[in-house]
1. Aliphatic (A, V, I, L, M), in the same structural domain as Thr52 (by TED's automatic domain parsing) and farther than 19 Å from Pro51 by Cα, is that true of Ala112?
2. With respect to Arg124, determine if the residue is among the basic types (Lys, Arg), in contact with a Gly (Cβ under 7 Å, 6 or more places away or on another chain) and either modelled with pLDDT of 90 or more or surrounded by 13 or more Cβ atoms within 10 Å (Cβ to Cβ) (or both).
3. From the residues in the range 71-89 that are farther than 13 Å from Leu110 by Cα and among the charged types (D, E, K, R), which one is surrounded by the most Cβ atoms within 10 Å (Cβ to Cβ)?
4. Testing Thr107 on (1) part of a loop (DSSP other than H, G, I, E, B); (2) farther than 11 Å from Ala41 by Cα, one condition comes back false. Which one is that?
5. Within the range 87-96, identify whether any single residue is basic (Lys, Arg), out of contact with any Asp or Glu (no Cβ under 6 Å at 6 or more places or on another chain) and without any contact (Cβ under 8 Å) to a residue 12 or more places away in the chain, and answer yes or no.
6. Residue check: is Glu3 assigned to a strand (DSSP E or B), at negative phi and modelled with pLDDT of 90 or more?
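The values are calculated or read from the model by the stated rules, or taken from the named source; none is laboratory data. Here the structure is a predicted model, which is why all the values come from computation and not from measurement. Cβ placement follows ideal geometry from the backbone for every residue including glycine, while neighbour counts extend to all protein chains displayed.
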Amino acid sequence: MEEEKDERPGSRKEYTIKGVKSEKGNGKNNSNWIEEENEEAELSIDVYQTPTDIIVQTMVAGVKPEDLELSISRDMITISGKREESRIVDENNYFAKELYWGKFSRTFSLPAEVEPEEVEATERHGLVTIKIKKVDKEKKNSTIRVRSI
């Protein structure tokens with residue numbers, strides 16, 4: 001929500017948009033909107049465990065599954081992608097502009113060692129759920145027979 005500040009002669013007119021100030025006339029196309037170039041947004045995540053898996057969930061509404069990239073190692077995961085704006089609206093016609101469009105990513109350490117090859121990722125209504133199998137430290141080494149060929 002936009003809040004106007006002091007307009008007395010000699011004072012500068014400021015706008016507060018979600019806690020960020022901009023002087024009138026600054027920014028792209030002489031508008032009041034604050035835009036940061038080449039910045040990546042950081043995803044919000046939920047991470048929890050079951051007895052056998054680590055589950056990671058994040059909201060990526062408006063992003064096609066093919067525009068998401070997951071990179072998983074034994075103890076770390078990176079989720080990245082890009083949300084593309086498909087509409088063209090003149091900046092002067094906006095009353096509020098809070099949706100994020102552009103690149104985003106999140107890298108974080110996993111709470112347990114996982115099997116990077118045993119991953120299942122699904123998306124439903126913008127909610128991505130990543131299920132990663134934990135390393136079974138209790139598992140016994142298996143005996144492998146050597147065959148003659």
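1. Numbers: aliphatic (A, V, I, L, M): yes; in the same structural domain as Thr52 (by TED's automatic domain parsing): yes; farther than 19 Å from Pro51 by Cα: no.
No: the conditions fail for Ala112.
2. Working: among the basic types (Lys, Arg): yes; in contact with a Gly (Cβ under 7 Å, 6 or more places away or on another chain): no; either modelled with pLDDT of 90 or more or surrounded by 13 or more Cβ atoms within 10 Å (Cβ to Cβ) (or both): yes.
Judged against the criteria, Arg124 is not a match.
3. Arg83
4. (1)
5. Yes, the range 87-96 contains a residue that is basic (Lys, Arg), out of contact with any Asp or Glu (no Cβ under 6 Å at 6 or more places or on another chain) and without any contact (Cβ under 8 Å) to a residue 12 or more places away in the chain.
6. Working: assigned to a strand (DSSP E or B): yes; at negative phi: yes; modelled with pLDDT of 90 or more: no.
Spelling it out, it is not the case that Glu3 is assigned to a strand (DSSP E or B), at negative phi and modelled with pLDDT of 90 or more.
Here's the yes/no breakdown for (1) of a type in the set (Gly, Ala, Ser); (2) in a strand (DSSP E or B); (3) in the same structural domain as Glu117 (by TED's automatic domain parsing); (4) out of contact with any strand residue (DSSP E or B) (no Cβ under 8 Å at 6 or more places or on another chain):
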position: Pro51; (1), (2), (3), (4): no, no, yes, yes
position: Val56; (1), (2), (3), (4): no, yes, yes, no
position: Leu70; (1), (2), (3), (4): no, yes, yes, no
position: Ile77; (1), (2), (3), (4): no, yes, yes, no
position: Arg87; (1), (2), (3), (4): no, no, yes, yes
position: Tyr100; (1), (2), (3), (4): no, no, yes, no
